[in-house]
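See structure below.
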Amino acid sequence: MMLALLLHVVLATPADAEARLKSAAELAARQEHAAAFDAYRALLDDGVDGRDLRYNLGTLALEQDRLGDAVLHLRAARRFDPRDDDVRHNLEVALAQRTDRLAGELSTAPLYALGEATPPGAARLAVALPLVLLGVALCARGALDRRWLTQMLAGLLGLVVAGGALWLARRSFEASREAVLLLAEADAYKEPSESAATAFTAHAGLSGLVVDEEGAFVRVRLDNGLEVWLARSAVGLLP
């Protein structure tokens, strides 16, 4: 659970971000976890974001038993780099500590799962590289054997289609919104009202896709397909 000390910035960075990052890392090194969490959180509020910042926030939250925050920020870190082993491990640790166990078959859509597992850079490369190679092949078609050129173009067109599907899957995932329950526990309602019937009592770290919003409530589809309404004030939202 080592904290990453360097931050890859993906949004506009405040002028003093480097000094503040160093200060937050020093607080974490001195085991002042609550102060370090607040320092990293302040950077996030100021528009700094990235895999390392989210990983640090999630790991600090996990060490403080702030399970909802741990799941929220580690899920965010995975959005930046779904193949990172440290992020994956700490997220698995956090998820294993959740109180809620969902009954029923998991219902994650294949397109969503593919997009979640694909790094952003890989999705862009999957589209760009075949198109570049296709352009080169078309420019050089006069110097190539016709039969060989036909086979090559067919193969490249297949790669373009596959790359496009991968890019669309990633874009679909990035467009999705997730909700993570931050409170120790909260009612999960059947309708968007505090007077509605309660489906069950949800606990910190419960998460799912946001499929609707109404007033002070968000409708969340859990991994087993069950949909419930949670108070907006009780959850953290991604992205």
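The values are calculated or read from the model by the stated rules, or taken from the named source; none is laboratory data. The model shown is predicted, which means the values in this text are computed figures rather than measured ones. Quick reminder, even Gly has a Cβ in these numbers, built from the backbone with ideal geometry, and neighbours come from all protein chains shown.
Looking for whichever is surrounded by 14 or more Cβ atoms within 10 Å (Cβ to Cβ) and either modelled with pLDDT of 90 or more or not assigned by TED's automatic domain parsing to the domain that holds residue 38 (or both) here; the options are 122, 128, 103. Which one fits? Of 122, 128, 103, the one residue that is surrounded by 14 or more Cβ atoms within 10 Å (Cβ to Cβ) and either modelled with pLDDT of 90 or more or not assigned by TED's automatic domain parsing to the domain that holds residue 38 (or both) is 122.
Per-residue answers, yes or no, for (1) modelled with pLDDT under 95; (2) touching a Leu at 6+ places or on another chain (Cβ under 8 Å); (3) within 14 Å of residue 71 (Cβ to Cβ):
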residue	(1), (2), (3)
183	no, no, yes
194	yes, no, no
208	yes, yes, yes
221	yes, yes, no
238	yes, yes, yes
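Which one of the conditions (1) modelled with pLDDT of 90 or more; (2) part of a loop (DSSP other than H, G, I, E, B) does residue 76 fail to meet, given that it meets all the rest? Condition (2) is where residue 76 drops out. In the range 210-222, the qualifying residues are those that are in contact with a helix residue (DSSP H, G or I) (Cβ under 8 Å, 6 or more places away or on another chain) and surrounded by 17 or more Cβ atoms within 10 Å (Cβ to Cβ), and the one that is nearest to residue 102 (Cα to Cα) is 218. Only one of the listed residues (127, 132, 136) is under 26 Å from the mean Cα position of the chain (by Cα), not in a loop (DSSP other than H, G, I, E, B) and not small (Gly, Ala, Ser). That residue is 127. Checking each residue in the range 35-51 for being in contact with a Phe, Trp or Tyr (Cβ under 9 Å, 6 or more places away or on another chain) and among the charged types (D, E, K, R) picks out 49, 51. Output the residues belonging to the range 167-181 that are modelled with pLDDT of 75 or more and either among the hydrophobic types (A, V, I, L, M, F, W, C) or assigned to a strand (DSSP E or B) (or both). Of everything in the range 167-181, those that are modelled with pLDDT of 75 or more and either among the hydrophobic types (A, V, I, L, M, F, W, C) or assigned to a strand (DSSP E or B) (or both) turn out to be 168, 175, 178, 179, 180, 181.
When we screen 149, 153, 133 for residues that are at pLDDT below 75, surrounded by 14 or more Cβ atoms within 10 Å (Cβ to Cβ), within 26 Å of residue 171 (Cα to Cα) and not assigned by TED's automatic domain parsing to the domain that holds residue 85, the only hit is 133.
Regarding the range 194-202, can at least one residue be identified that is within 30 Å of residue 80 (Cα to Cα), surrounded by 13 or more Cβ atoms within 10 Å (Cβ to Cβ) and out of contact with any Phe, Trp or Tyr (no Cβ under 7 Å at 6 or more places or on another chain)?
yes
Residues that are more than 20 Å from residue 175 (Cα to Cα) and free of Cβ contacts under 8 Å to residues at least 60 places away in the same chain within the range 218-239 comprise 228, 229, 230, 231, 233, 234, listed in sequence order.
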